[in-house]
Amino acid sequence: MRLYLTALYETQVRQRPGSAHTNDRPLWPPSSEDVGWIGLLAVTATVSVRGRSEMDNRLRQVKSAIERLVREGAAMLPAGTRPRDKFEHFLLRNDGGVQPGLPAENRYITPRRNEGVDIPIEFYTNNWVHCLTDSEIALWLSLRLLAKEHPTAYRESGIFMAESTRKRRFGLTRDAYEAHVALRRFGLIKGVNNESRKLAGRDEDLRKRGLVEPFRFVLEDRTLDDKATEVVDFALRWAFT
């Protein structure tokens, strides 16, 4: 997910709206003055018992992430299957994935204004993309989309995610939805108009009968102005003290 979101950001700041994705950034930088893909991602990389260097392990993890994107239909490998350099200059596919009627090489098109979901640039520049879990990012993005689709309801009473929407549209498990607890703790979202929901608690019978109001949220994008490492570190330390 981090590689995919970073690649989307990278192409949107470098390419004109409406243009097909290109990628001339190497995985491994040719010099200390260049930046490769291994320098754009925060990955867990240590020296292995087999003697691999930290940079070798970073490269291995980036290649593994590209391979996953290819399997999911989100990227393609224009270099073919040559084992040495097949991951170089990978390209993003149309963000709808491989679709019937579209050529397999259909590339991602940089969106024009008001297309897609707006993500504040500070999500990247202050390292939030690297400090949140996959579930936290997925839920945060889903709430952003719902807020954009229902602006009037969002302004009046906040946005909520019905169970059917969570399951069928976004494919989020119940555990993934519970990421809202962490997002609230970090200050990225705030609960609003949840008095009736709090009174009902976790009554399973009421939930089955559809009588439990879902949580409602508003986005707190001002928090993105703070460094994610500091906010997350403080929140986690406070939660376990």
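Compute the distance in nm between two label points, each set 7 Å from the Cα along the Cα-to-Cβ direction, one at VAL192 and one at GLU72.
Output for this residue pair reads 3.0 nm.
Going Cα to Cα from LYS227, which aspartates and glutamates come in below 12 Å? Please leave out same-chain ones fewer than 8 positions away.
GLU122
What is the set of long-range amide H partners of TYR108 at a cut-off below 5 Å, with H atoms built 1.01 Å from backbone N?
Close amide H contacts, sequence-distant or interchain: HIS21, LEU92, ARG93, ASN94.
Got a sec to turn the phi values of the range 134-146 into Karplus ³J(HN,Hα) couplings, 6.51 cos²θ - 1.76 cosθ + 1.60 with θ = phi - 60°, whole Hz, x for Gly and Pro?
Once θ is set to phi - 60°, the couplings for the range 134-146 become 4, 5, 5, 5, 4, 5, 4, 5, 5, 5, 5, 5, 5 Hz.
Give the peptides 127-139, 172-184, 29-41 in descending order of average Cβ contacts within 10 Å, highest first.
Taking the mean over residues of other Cβ atoms within 10 Å, the ranking is 127-139, 172-184, 29-41.
On full extension of the chain, what length is gained from SER64 through LYS167, given 0.36 nm per residue of separation minus the C-alpha to C-alpha distance?
34.3 nm
For labels at GLU115 and ARG222 in the simple 7 Å Cα→Cβ model, what's the distance in nm?
3.4
Under the 0.36 nm per residue contour assumption, what length would be gained going from the current alpha-carbon distance of ARG14 and MET55 to full extension?
Using 0.36 nm per residue and subtracting the Cα-Cα distance, I get 12.2 nm.
Working out 0.36 nm times the residue gap between THR133 and LYS148, then minus their Cα-Cα distance, what length gain in nm do you get to one decimal?
That works out to 3.1 nm of additional length.
From the phi angles alone, apply the Karplus equation (6.51, -1.76, 1.60; θ = phi - 60°) to the range 215-230 and give each ³J(HN,Hα) in whole Hz, x where the residue is Gly or Pro.
For the range 215-230, the Karplus curve yields 5, 10, 9, 10, 7, 10, 5, 4, 5, 5, 5, 8, 6, 4, 4, 6 Hz.
From the phi of every residue in the range 232-237, what ³J(HN,Hα) in whole Hz does the Karplus formula 6.51 cos²θ - 1.76 cosθ + 1.60 yield, where θ is phi - 60° and glycine or proline is x?
5, 4, 5, 5, 6, 5
Might you tell me the accessible area per residue for the range 130-183, computed with a 1.4 Å probe and given in Å²?
Result: 49 Å² per residue.
Below 9 angstrom from the Cβ of GLU122, what's the summed charge of the other residues (Lys, Arg +1; Asp, Glu -1)?
-3
Near the amide H of ILE189, under 5 Å away, which other amide H atoms are found, from residues 5 or more places off or on another chain, if H is placed in the peptide plane?
For ILE189, whose amide H was placed from the backbone, the distant partners under 5 Å are ARG184, GLU220.
All other residues with a Cβ under 13 Å from the Cβ of GLY18 taken together, and with Lys, Arg as +1 and Asp, Glu as -1, what is their net charge?
+3
The values are calculated or read from the model by the stated rules, or taken from the named source; none is laboratory data. Here the structure is a predicted model, which means the values were calculated and not measured. Cβ atoms come from the backbone with ideal geometry, glycine included; neighbour counts cover every protein chain shown. Surface areas here come from the heavy atoms of the whole protein model, side chains and all, with no ligands, DNA or RNA. Shrake-Rupley method; radii C 1.70, N 1.55, O 1.52, S 1.80 Å.
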